[in-house]
Structures are given as structure tokens and as C-alpha cells.
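Worksheet: one structure, shown below.
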Amino acid sequence: MPQRAAVNARRRPHRNPFARRRTIALTLAATLAGCAGLDPLSRAASDRLVAFDFYWQQLATDYPLFGQQPVAWNELRQRYRAAVPFAQQPHEFYHLLTGMLSELGDVHVSFAVPADRFAAGDTAPTSLLDVDGFDVMPIEGRLHVTSWPLQQAPAVPEGLPLGAGYPELWRVEGFPVVLSLIDNLLLGPPGTAVELQLRWRNGALTRHVLQRPAAGTERRTSPLGHLVRNGDDWQLRRTQPFSWLEVHRLEDDLPMARIDQAIDRAAASDGLVLDLRANLGGRWSVAQSLVERFLREPVELVLAPPHPRSTWFGLFAVEVFVQSSWQPRPPRFERPLVVLTSALTGSAAEHAARVLQRYSGATVIGERTAGAEAVIQAAEGPDGGTLRFGSTRVLDRTGVGLQDEGVVPDVSVRLTLDDVERLGPDEAARDWEQRLFDAARARLQRRRGPQ
């Protein structure tokens, strides 16, 4: 059987006691390469290995959750790294890297590189999400396919009832599907095939292949489906007799002064619904600033950094303990408060929901949140990519955090696969919105008391 092999033999510039042994090894490697037909690595392959090792090491050093994740990180490095030199196109390497990160199953892990890395030359990449008729929707925290291109739907496995035609997108090109990383796997050279593995309601797995669009489109849909809001980062709408404030992300450019004014206006209504369903998180300080408007007393949270111990010039060890104190910020909002959550409410938005629930008397309505607890760390790679992951755990004073557990709602109002199969995706989303509205109104009226 024909085989191809590559050797990555690069001498390090510094000397050490094993220099002579390394020289012999390199000479032997070069000899073997000539005698056995081994090819030296190309510059591009060597650069990809450097980038791969950088991202792997960032997580190996600073990711705090391996104890909770049944993942053999060293074994994953060995397995995925072996395929890196044989990636024939740039997108193949980034699919490999994304696939390894997806093995963590953590929506708090994301990876971004310029989109043009997913196609060669001057060709613009395209995404399967831009195929006309192909639609996805997160249901109960997992991505499901809710529509297929004309005459390209897969066969439904035998034994499923009528209407059970919304399978979970289980794997793409053999890699696990994680909502924070799936965009990378669906992006690639125009017109190329994408292999999907689908998991149906009865547990059956099937394979299906679709083609990326032949050219770029203006469609650019999101895997968040019904949770995607308009282009604004926030919105206040008056829904008699109470106010409804949507906050879609928590970033530094969020206009907190304007949001404060919106909260002031809401104080004249019968209560406020704070909608965090589409909020995947953001900056810790922004979440803190938002929440402090509703606090009655100071709240202390404990931060557990990945490396609490350090050595000072080799002379003595220092162990760091960190507390984050959230203080009431006047004028405090005095009216009844409801917080809406979804299975994708994550990170700083989860902590906002939990602090409001526990310390401000807010009623949380909706779905259990994502369980993405830690404060985000960003690492810029040698290839220009950016890896983001949770590195500093956030705990209350009992040592309990939200990782994998999320915020448990006081009133559960869920969008389920049963709902989607019964009503269809669009109507199910509208029905969920109405049920949330009714539950929020009932709770606010009860909290307001008789008039």
C-alpha cells in the first residue's frame, strides 16, 4: 500500500548536554528521509504545527475544567496533530483545529480566524448556512436542522412518527457540533461537499451530504435561529402594564448610560422583564454594572484563577485569593423584576441572572442556562487567530459555581422538540414567546399585589 510520510527535523539554536545526540538523530532522520522516501515538511505545514501547538498549550496551561470534562487532552493532541501536516487546503487545518476544540463540548470555547483562511487564493469561502432552504435552530441547547434544500432532505429513519423530521446536527465532517464553534466547520471553499451526521429522536444516526453554495450570498444566517434579535445590542419596549428590556450582549461598547435611563423609565411601570435569552455573555465588568442597579446589598463572588500559586524570584511562594464585590448602584430599581433565560444564556449573562435571582428577589423564567461559568481569556495565535475560553472560575462563597449546571429557573418555560414537531419551527418560537410573556405577566402581577 502506498504511504506518505513527513519529517519535521529542525535544530534548535541553543546548546545543551544532548546536542550531540540530537545531531546524530537529525542526521539519521535526514538519511532515512533520503532512503525511505520521507518528505520534509513544507513551510506551511511547519507553521500550522506551530499554531496548533500554541492553541493546544494555551488550554493545557490555563483551562481549569479538565477535571469536569472526560477529555484526554494529551491523547487528543497526539491524534489531531498527526493529521496536521497532511492538510492539503487551509480550511482543512482549521477544521482539524476546530474539531479538537469541539471535543471539549464547552460553549465557552470559541475560535476565530479571518474568513479567507477557509478558502485558497482569492476565492471567498461560503457557508452551508447560506444554502437556500437549509435552516437550523437550537432546541434544548442542541442544534437541530429544521429545513432542507428542495429535494435534498434525508430519508427519515423507520419507526419515527409523522412530523419527527427535525434531527439534531450531531457531527460535521466527523467533528462534534458545539454552537460556539460550528460556524468554522460549515465554512469552506465554494461548492465543496459537507458531510453531516444526524441524530434522530429515536437515537438513530444517519449520514447526509450537502454542497456549500457555489458563490457568496447575502443570506448569512446564524446558527442561533430564533434567538437572533435585531442589530441593536439592547432594546426597551413597553408592554402594558410593565416594561421589557432586552440585552443581547455585555461588551464594553454597550451604552450603559442609555440603559440606565431605560431602567429609570421602567421604574414608572408595574415591573420589568429583563430578557437575557439571546445573551451569550461578554465582559464581567459590564454585567456587574448592569446588575448593580438592582442590588439591595453588596454581593461577594470568589474568583479561582488557574494558577493561584506563584514563586517570587524563586525565594518564596505566593498564593493569591481574589474576591469580586458587587455594590448597589443608585438609584436602585424598586419594582418587581423578572429575568428571562434560555439554554444559550451564558457566561457573564448567567452570573447576572444568578445574582439577580439570589440577591435581588428576581424571578427567573425560561430555560436552564448554558453552564459556561468561567471568566473569558483570549489568546492571539501566531497565525492571527483568536482562541477564547473560560480560565478563571467564578464561585459563590460556598465554592459552588455554574459550570455545566447553569441557572435553574424559578418557572420553567421551555421550547422543546415536541413543540417544534407539533407546531413547526416558526410557530413554536412564537408560541414560546407568548408563553414566556404570560408567565412573566402572571408573576409580576402577583408580585405587585392587589391594587
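Details
- In segment 350-361, of all residues being in contact (Cβ under 8 Å) with a residue 60 or more places away in the chain and either among the charged types (D, E, K, R) or touching a Phe, Trp or Tyr at 6+ places or on another chain (Cβ under 7 Å) (or both), the one that is farthest from GLU292 (Cα to Cα) corresponds to GLU350.
- Some residue of segment 405-416 being assigned to a strand (DSSP E or B) and either more than 30 Å from GLY271 (Cβ to Cβ) or of a type in the set (A, V, I, L, M) (or both): yes
- Failed condition for PHE242, given (1) over 21 Å from THR345 (Cα atoms); (2) surrounded by fewer than 20 Cβ atoms within 10 Å (Cβ to Cβ); (3) of a type outside the set (A, V, I, L, M): (2)
- Residue count, segment 140-175 (criterion: surrounded by fewer than 16 Cβ atoms within 10 Å (Cβ to Cβ) and in contact with a His (Cβ under 8 Å, 6 or more places away or on another chain)): 0
- Pick from segment 202-229, criterion in contact with a helix residue (DSSP H, G or I) (Cβ under 7 Å, 6 or more places away or on another chain) and in a loop (DSSP other than H, G, I, E, B), ranking: modelled with the lowest pLDDT: ARG219
- Residue match in segment 279-291 (condition: surrounded by 12 or more Cβ atoms within 10 Å (Cβ to Cβ) and more than 27 Å from ARG368 (Cβ to Cβ)): no
- VAL84 meets all of the listed conditions (1) β-branched (Val, Ile, Thr); (2) touching a strand residue (DSSP E or B) at 6+ places or on another chain (Cβ under 6 Å); (3) free of Cβ contacts under 8 Å to residues at least 60 places away in the same chain but one, namely (2).
- For segment 427-447, the set of residues classified as in contact (Cβ under 8 Å) with a residue 24 or more places away in the chain and among the charged types (D, E, K, R) consists of ARG441, ARG443, ARG447, listed by residue number.
- Residue within segment 117-134 that is of a type in the set (D, E, K, R) and touching a Lys or Arg at 6+ places or on another chain (Cβ under 7 Å) present: yes
- Among residues of segment 92-146, those that are acidic (Asp, Glu), in contact (Cβ under 8 Å) with a residue 12 or more places away in the chain and within 20 Å of GLY216 (Cβ to Cβ), counted: 3
- Applying the condition of being on the phi < 0 side of the Ramachandran plot and out of contact with any strand residue (DSSP E or B) (no Cβ under 9 Å at 6 or more places or on another chain) to segment 118-139 and asking which residue is surrounded by the most Cβ atoms within 10 Å (Cβ to Cβ) yields ASP130.
- Number of the exception - GLY366 against (1) buried (at least 21 other Cβ atoms within 10 Å of the Cβ); (2) of a type outside the set (A, V, I, L, M); (3) within 30 Å of ARG435 (Cβ to Cβ); (4) within 18 Å of the chain's Cα centre (by Cα): (4)
- Of all positions in segment 224-232, none carries a residue that is within 20 Å of VAL364 (Cα to Cα), touching a residue at least 12 places away in the same chain (Cβ under 8 Å) and among the β-branched types (Val, Ile, Thr).
- From ASP232, ASP252, ASP270, ASP260, residue being of a type in the set (D, E, K, R) and assigned to a helix (DSSP H, G or I): ASP260
- In this structure, GLY159 does not qualify as at pLDDT 95 or above and small (Gly, Ala, Ser).
- Of all residues in segment 369-382, those that are modelled with pLDDT under 95 and either surrounded by fewer than 19 Cβ atoms within 10 Å (Cβ to Cβ) or not β-branched (Val, Ile, Thr) (or both) total 7.
- Residue count for segment 417-451, restricted to those that are of a type in the set (Asp, Glu) and under 20 Å from SER269 (Cα atoms): 1
- Residue in segment 403-414 that is in contact (Cβ under 8 Å) with a residue 24 or more places away in the chain and among the hydroxyl-bearing types (Ser, Thr, Tyr) present: yes
One line per residue, one yes/no per condition, for (1) in a strand (DSSP E or B); (2) at negative phi:
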position: LEU295; (1), (2): no, yes
position: ALA352; (1), (2): no, yes
position: THR369; (1), (2): no, yes
position: GLN377; (1), (2): yes, yes
position: GLY399; (1), (2): no, no
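The values are calculated or read from the model by the stated rules, or taken from the named source; none is laboratory data. Quantities reported herein were computed from a predicted structural model and do not represent experimental measurements. So basically every Cβ, Gly included, is an ideal-geometry build from the backbone, and we count neighbours across all protein chains shown.
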